[in-house]
Amino acid sequence: MKNEKNKKDVKENIIDEQNEREEILNEEEINSETSEEILDSTGEEAEELKKKLAEAEEKIANLENEKKLMQDSYLRKAAEFENYRRRTDAEQINLIKYAAEPFIIKILHVFDDFERSLNHIDEEKNREAIEKGLKLVYDKFKKVIEEQGVEKIKSKGEPFDFNYHEALMQKIAEDVPSHTVLEEIEPGYVYKDKVIKHAKVIVSQQPAADTEDSSQNSDENEKSE
């Protein structure tokens, strides 16, 4: 009886050991499959990360290239503007420096005519011809300055105006109103709308008797009032 019981226990122990071994093998197989799945998953994520990294690096390279192109364009534009500014400054300086050139050219023609007239004075015995030549030079010169906007101030016979006239002295004149320009000593000129030279003139003055009469009349009028 005891022997049969021992055999039965041994058999059960063997079966239990086999079952444990099978469970261990099953667990190992499950762990192995899980590890493979993890490795597969990790590998896919790594590939995805590598792909994204490559795309990011490509974008960075493109941006760096665009940045370089923009910097080159900016430097070119800056250089072009600097050249334009220097050229414009030089043109403005020359414009100011040679602003009177057209006027000088016209004056030189008159100057040449006047010089030719002077050279022929000794040779010319006819006074009328000399006067005619000088008159032509004068008319030509007058036309040149009038084309530039220069006009002569009208003085003689005009009422005295301190805006245009400079009185050098006063002269008694009975037949003209007081403060009238009697004589022009030096002509004056207006350039466009600006007086560039006042006319120097002699201005009329009432006789002393007229002045006293007018002052007496003024006093009597005040007393009567």
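Ordered by the number of other Cβ atoms lying within 10 Å of each residue's own Cβ, fewest first, Lys140, Lys200 fall into the sequence Lys140, Lys200. Rounded, prolate or oblate: pick one for the stretch 100-148, where a ≥ b ≥ c are the square roots of the eigenvalues of its C-alpha gyration tensor, a/c under 1.5 means rounded, and failing that, prolate if a/b is larger than b/c, else oblate. Oblate shape, in that a/c is at least 1.5 and b/c is the bigger or equal ratio.
Measuring against 26 Å, Cα to Cα, the residue pairs Lys97/Lys135; Lys143/Lys194; Lys140/Lys194; Lys171/Lys194; Lys97/Lys132; Lys132/Lys194 contain Lys97/Lys135; Lys171/Lys194; Lys97/Lys132; Lys132/Lys194 as the ones spanning a longer distance. Rounded to the nearest Hz, the phi-derived 3J(HN,Hα) couplings of the stretch 83-89 under the Karplus curve 6.51 cos²θ - 1.76 cosθ + 1.60 (θ = phi - 60°) are 5, 5, 5, 5, 5, 5, 4, where x marks glycine and proline.
The amide H of Glu183, built 1.01 Å from its N in the peptide plane, has Ile202 as neighbours under 5 Å, considering only residues 5 or more places off or on other chains.
Within the shell of other residues whose beta carbon sits under 11 angstrom from the beta carbon of Lys156, the net charge comes to -2, with Lys and Arg scored +1 and Asp and Glu -1.
Between Ala208 and Ala46, the simple label model (points 7 Å from Cα in the Cβ direction) yields a spacing of 13.1 nm.
When you filter the GluC sites (Glu not before Pro) in the stretch 151-189 for DSSP loop state and at most 12 other Cβ atoms inside 10 Å of their Cβ, you are left with Glu174. Modelled spin-label separation between Ala78 and Glu131, with each label point placed 7 Å from Cα along the Cα-to-Cβ direction: 7.5 nm.
Any read-out appearing in this document is the output of simple, stated calculations on the displayed coordinates, not a laboratory observation. Computed from a prediction, not measured in an experiment: that's the story for all the values here. Note: ideal-geometry Cβ built from the backbone for every residue, glycine included; neighbour counts use all protein chains shown.
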